[in-house]
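Can you read through this structure? Questions will come right after.
Read-outs throughout are calculated quantities, based only on the coordinates presented, and are distinct from any laboratory measurement. Computed from a predicted structure; not experimentally measured. In this analysis, Cβ positions are derived from the backbone assuming ideal geometry, glycine residues included, and neighbour counts consider all displayed protein chains.
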Amino acid sequence: MTARFLALYETPADPEAFDRHYREVHIPLLRQLPGLRRFTVGRDVTPLHGAPCYLIAELEWETMDDLRAAFGTAEGRATAADAAQLQELAPVRRMIFSVDESG
């Protein structure tokens, strides 16, 4: 059972500044998270219900313990601190969940 972290960013007041920070600062931090198997970033999000999203980021670990351990490291704390800065540029909803891939 894999574990995922999902971040849904609302449209920033300054999309150019947000994109630059996300690309130049946040993604390099994400790449350093221990045990991270993969991450994806989605744009052009069309909601079926509710508020629109500007960007969706999904990060994946082998287990929930691995995910939690990653954010307990120095790299994880640096990524979380930067996420707080990103939240000043665009409101975000974050969640973690387990994925049962057996069907």
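Only four residue types carry charge here, +1 at the Cβ of Lys and Arg and -1 at the Cβ of Asp and Glu. Report the dipole size of segment 2-99 about the Cα centre in Debye, rounded to the nearest 20.
Values: 11 positive and 14 negative charges, 40 e Å.
Computed charge dipole of segment 2-99: roughly 200 debye.
Once R0 is set to 30 Å, what does the formula 1/(1 + (r/R0)^6) return for the Cβ-Cβ distance between Gln85 and Arg38, expressed as a FRET efficiency to the nearest 0.05? If you can, show how the numbers build up before the last one.
On the way: r = 24 Å, r/R0 = 0.80.
So the FRET efficiency works out to roughly 0.80.
If you don't mind, another one. Taking 0.36 nm per residue of sequence separation and subtracting the Cα-Cα distance, how much length would be gained by fully extending the chain between Ile96 and Thr63, in nm to one decimal?
Contour length minus Cα-Cα distance gives 10.8 nm.
Based on the mean of other Cβ atoms within 10 Å per residue, sort peptides 95-102, 59-66 so the most packed one is first.
59-66, 95-102
What number, rounded to the nearest 500 deg cm²/dmol, is the helix-based mean residue ellipticity at 222 nm of the chain, given -39500 (n - 2.57) per DSSP H run of at least four residues and division by all its residues?
-10000 deg cm²/dmol
Which whole-number percent is the relative contact order of the chain (Cα, under 8 Å, 6+ apart)?
Working: 170 pairs, mean separation 50.5, N = 103.
Relative contact order for the chain comes out at 49 percent.
Same structure, new question: Using the basic label-point model (7 angstrom from Cα toward the beta carbon), what is the His49 to Arg20 distance in nanometres?
Going by the 7 Å Cα→Cβ label model, 3.9 nm.
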